[in-house]
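Here is the structure we will look at.
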Amino acid sequence: MGGAYKLSFEHELDAIQEQINLLRMQPPSEEQKQAIAELERRMVELLNSLSDYDRVLLARHPDRPYALDYITAIFDDFIELHGDRCFGDDKAIVAGLAWLDGRPVAVIGQQKGRDAKERQERNFGMAHPEGYRKAIRVMKLADKLNRPVITLIDTSGAACLDEAEARGICWAIAESQMVMSMLGVPTVAVIIGEGGSGGAIAIGVGNKVLMMEYAMYSVIQPESCAAIIWRDESRAPEAAEALWLTAPEALKLGVIDEIIPEPIGGAHRDPEGAANNLKEALCRALSALSHLSPEQLRRQRYEKFRAMGVYLEGDELKSCMRDV
Amino acid sequence: MGDAKATLVSEAEENLWVKCEKCNALTYRKEYERELRVCPQCGYHERLGAWERLKITVDEGTFEEWDSEISPADPLNFPEYKDKLEKSQRTTNLKDAALTGVAEIEGIPVAIGITDFKFMGGSMGSVLGEKITRLFERAVKHRLPVFIISGSGGGARMQEGLLSLMQMPKTCAACAKLHQARLPYIILLTDSMAGVQASFGALADITLAEPGAMVGFTGPRVIELSLKIKVPIEHRMAEFQFEHGMIDMIVPRKLVRPTVAKLLRWMCK
């Protein structure tokens with residue numbers, strides 16, 4: 001199943017799947033049904049036992065569907081737009097016009113590359129300032145023409161070397177968040193793979209924020225966190241536990257609204273199934289927002305992010321966390 | 001600002017000489033304080049704590065603190081976070097890395113926010129984000145200009161995980177309200193500023209920086225730790241950002257107060 005790249009637990013998963021396939025080839029019987037059910041239960045058990053760091057590796061899986069895979073599968077007539085009208089066209093961010101279930105929408109996504117050449121071209125999905133400025137441009141266009149904005153987040157972080165600084169990476173990311181916070185159209189942000197810090201939140205200011213089941217969303221990469229705190233990158237699994245970067249934890253923190261289920265073993269094992277689930281969630285989110293006026297959309301978004309945080313005021317605990 | 005009022009500690013409190021952290025030059029302490037802790041030999045601007053910064057920035061006796069009762073929690077139960085907080089609280093006389101309130105600068109009322117590098121690198125967690133957000137909201141309510149002095153070199157505070165990251169859009173959205181209300185916003189970037197510079201720190205009408213301040217999205221140390229690439233420190237300095245058009249003025253410490261007053265007079269008329 002899938003490509004050549006396998007995480008260690010995937011071999012076990014494949015072995016179980018193989019047994020199921022063999023059983024399915026036999027003529028149907030009560031015994032066969034029970035055996036399949038038992039094997040499927042073992043699969044679920046295996047997936048439930050994944051560590052947070054296993055989930056990080058799943059979120060980064062090189063066979064995982066990327067933004068353009070979802071865009072092709074979910075939207076009709078995607079027209080990609082290019083350039084920031086200032087410096088260039090950043091291929092780490094794709095943006096354009098499309099139709100979702102008959103509805104015109106703007107789509108912005110971070111795109112990692114599939115092979116070595118494409119990864120280079122797309123800077124591994126790490127956007128430069130011109131990428132965020134292209135996103136801002138498309139958001140403003142959507143706002144002007146009253147079209148919802150959908151963002152697909154998948155980046156280990158924004159570009160951070162000298163050329164990014166020289167062209168104002170901080171200023172581009174800040175402006176993107178500010179512009180997105182002020183849009184008078186529905187905005188839905190989905191973390192589809194890696195939600196890496198500032199590079200992710202730059203296009204993450206949604207009226208609704210959704211997250212794929214095996215995506216990660218974090219203030220810092222666990223390796224960097226371990227390197228900074230313990231001066232030891234190999235302690236990344238510990239850092240992954242400490243950072244609360246999985247979808248269930250993001251939900252508990254009150255940072256996302258919904259987890260989109262993935263096919264057994266992760267989106268890359270059944271990209272079509274994953275795309276169907278994402279499409280269903282997007283349509284539902286847009287329908288829920290469609291009756292709100294521009295002013296109501298702005299207010300809802302403001303209040304949503306305004307409430308985020310956990311602190312004490314005197315002795316009183318103020319918290320956005322949920323009991324889930 | 002060269003008057004006795006600006007002196008940070010009384011002469012008797014400390015020993016007589018100060019050694020510059022950068023060039024090792026010795027300066028008579030009284031003179032060093034008169035220079036607002038800038039080395040007269042090499043111009044190195046020593047980092048100031050929030051209370052020290054406040055003292056040399058606003059008119060004496062005009063500061064009224066806002067939201068002093070807000071303090072950090074430990075929502076993720078993150079390893080060693082509580083100890084780090086306690087240590088920072090002891091050394092800075094702050095509950096978290098931000099001090100906010102209203103004060104006057106040369107007689108002009110201003111909503112002021114100061115983030116303190118000495119408190120866990122000035123990193124932004126829930127408390128700093130909430131206080132800056134309230135600063136913008138209250139400035140809108142009372143029709144005040146905003147002046148922020150930032151030393152948030154620690155970026156988003158990883159010990160509060162995603163909650164820290166969410167303070168970025170939260171403060172950006174609050175800042176948008178200030179702009180929509182047509183109120184001025186000035187920021188001074190001090191050593192050092194990273195990560196959360198990509199939020200409220202990059203949204204001011206006018207951006208000033210102190211000479212030699214480290215300013216950037218990702219500091220050289222973090223880049224080296226995570227990407228194993230060495231970047232020259234000069235490429236994460238205020239002067240580099242100025243050269244590339246990100247900063248309006250590099251302002252030596254002694255000129256900050258008169259410069260800000262001059263700007264506010266134009267902006268608030």
Work out the mean other chain Cβ neighbour count within 10 Å for the residues of B:215-224 and drop it here as an integer.
5
Taking the convex hull of the alpha carbon atoms in the protein assembly as shown, what volume per residue do you get, in Å³?
163 Å³
In degrees, nearest 10, the alpha-carbon axis of helix A:169-182 is tilted away from the dominant principal axis of the alpha carbons of chain A by 90 degrees
How big is the charge dipole of chain A about its Cα centre, in debye rounded to the nearest 20, if each Lys and Arg gets +1 on its Cβ and each Asp and Glu gets -1 on its Cβ?
1160 debye
Hey, if you put +1 on the Cβ of every Lys and Arg and -1 on every Asp and Glu Cβ in chain B, which of B:245, B:15, B:158 ends up farthest toward the positive end of that dipole?
B:245
Report ³J(HN,Hα) in whole Hz for each residue of region A:300-308, in order, from the Karplus equation J = 6.51 cos²θ - 1.76 cosθ + 1.60 where θ = phi - 60°; Gly and Pro get x.
4, 5, 4, 4, 4, 6, 4, 7, 6
Based on the alpha carbon coordinates of region B:47-268, what radius of gyration and maximum Cα-Cα distance (Dmax) apply, in Å?
16.4, 50
Between the helical axis of A:271-289 and the dominant principal axis of chain A, each derived from Cα atoms, what acute angle in degrees is found, rounded to the nearest 10?
40 degrees
Relative contact order (percent, whole number), chain A, Cα cutoff 8 Å, 6+ residue spacing
15 percent
Highest mean first, what order results for A:141-151, A:231-241 on Cβ atoms within 10 Å?
A:141-151, A:231-241
Quick one: pull the percentage of alpha-carbon pairs in region A:1-139 with a separation above 17 Å.
70 percent
Dipole magnitude of chain B about its Cα centre, charges +1 at Lys/Arg Cβ and -1 at Asp/Glu Cβ only, in debye to the nearest 20?
440 debye
About the Cα centre of the protein assembly as shown, what is the dipole size in debye to 20, counting +1 per Lys and Arg Cβ and -1 per Asp and Glu Cβ, all else neutral?
1740 debye
Out of every Cα pair in chain A, what percent are spaced more than 27 Å from each other?
46 percent
Residues meeting the amide H criterion for residue B:73 (H placed from the backbone, H to H distance under 5 Å, 5 or more places apart or on another chain) are A:312
List the residues, sorted by chain then number, that are 5 or more residues from residue B:149 or on another chain and whose placed amide H is less than 5 Å from its amide H.
B:113, B:114, B:115, B:188
Peptide B:122-129: average number of partner chain Cβ atoms within 10 Å per residue?
3
Just to be sure I understand: of the beta bridges DSSP finds with both ends in the protein assembly as shown, what percent are antiparallel, rounded to 5?
50 percent
Starting from the amide H of residue B:105, placed 1.01 Å from N in the peptide plane, find each other amide H under 5 Å away whose residue is 5 or more places distant or on another chain.
B:59, B:110
Under Karplus coefficients 6.51, -1.76 and 1.60, residue-wise ³J(HN,Hα) of region B:79-86 in Hz, glycine/proline x:
x, 6, 5, 4, 5, 5, 4, 4
Of B:225, B:123, A:281, which is farthest along the charge dipole of the protein assembly as shown in the positive direction, counting Lys and Arg as +1 and Asp and Glu as -1 at C-beta?
B:123
Could the peptides B:252-263, A:213-224 be put in order, highest first, of the mean number of other beta-carbon atoms found within 10 Å of their residues?
A:213-224, B:252-263
Give me a comma-separated list of calculated 3J(HN,Hα) values for region A:52-68, in order, Karplus coefficients 6.51, -1.76, 1.60 applied at θ = phi - 60°, integers in Hz, x for any Gly or Pro.
4, 6, 4, 5, 4, 5, 5, 4, 9, 3, x, 9, 5, x, 9, 3, 5
Tell me the volume per residue, in Å³, of the convex hull enclosing the alpha carbons of region A:234-273.
89 Å³
Give A:134/B:170; A:208/A:252; A:140/A:304; A:318/B:95 a once-over and call out the pairs whose C-alpha atoms are over 18 Å from each other.
A:134/B:170; A:140/A:304
Return the percentage of antiparallel bridges among DSSP beta bridges fully within chain B, rounded to the nearest 5 %.
45 percent
Over 23 Å, how big is the tail of the calculated P(r) for region A:74-179, in percent of all Cα pairs?
24 percent
Computed Rg/Rh of region A:182-243, alpha carbon atoms with Kirkwood Rh:
1.10
When you look at the Cβ of every residue in A:243-255, what mean number of other chain Cβ atoms sits within 10 Å?
3
Grab the eigenvalues of the alpha-carbon gyration tensor for region B:191-269, scale each by 5, take roots, and send me the semi-axes largest first in whole angstrom.
28, 13, 9
What is the P(r) of region A:8-49, as percent of Cα-Cα pairs per 5 Å bin from 0?
5, 24, 31, 21, 12, 6, 1
Taking the 0 to 90 degree range and rounding to the nearest ten, how far is the long axis of helix A:30-48 tilted relative to the main principal axis of chain A, both from C-alpha atoms?
40 degrees
Along the charge dipole of region A:55-312, Cβ charges K/R +1 and D/E -1, which of A:178, A:296, A:142 sits furthest on the positive end?
A:296
Of all DSSP beta bridges located in chain A, what percent are antiparallel, nearest 5?
45 percent
Please sort by residue number the chymotrypsin sites (Phe, Trp or Tyr not before Pro) in region A:5-55 whose DSSP state is loop and whose Cβ has at most 11 other Cβ atoms within 10 Å.
A:5
Rank-order B:36-49, A:248-261, A:28-41 by packing density, defined as the average count of other C-beta atoms within 10 Å over each peptide's residues, highest first.
A:248-261, B:36-49, A:28-41
Nearby lysines by direct alpha-carbon distance to residue A:117 (threshold 16 angstrom, same-chain neighbours under 8 apart not counted):
A:91
Suppose R0 equals 41 Å. What FRET efficiency, 1/(1 + (r/R0)^6) with r the Cβ-Cβ distance, do residue A:322 and residue A:45 give to the nearest 0.05?
0.95
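Readers should treat all values here as calculations from the given coordinates under stated rules, not as data from a laboratory. Nothing here was measured: the structure is a model prediction, and the numbers come from that model. Counting neighbours? That spans all protein chains shown, and the Cβs are built from the backbone with ideal geometry, glycine included.
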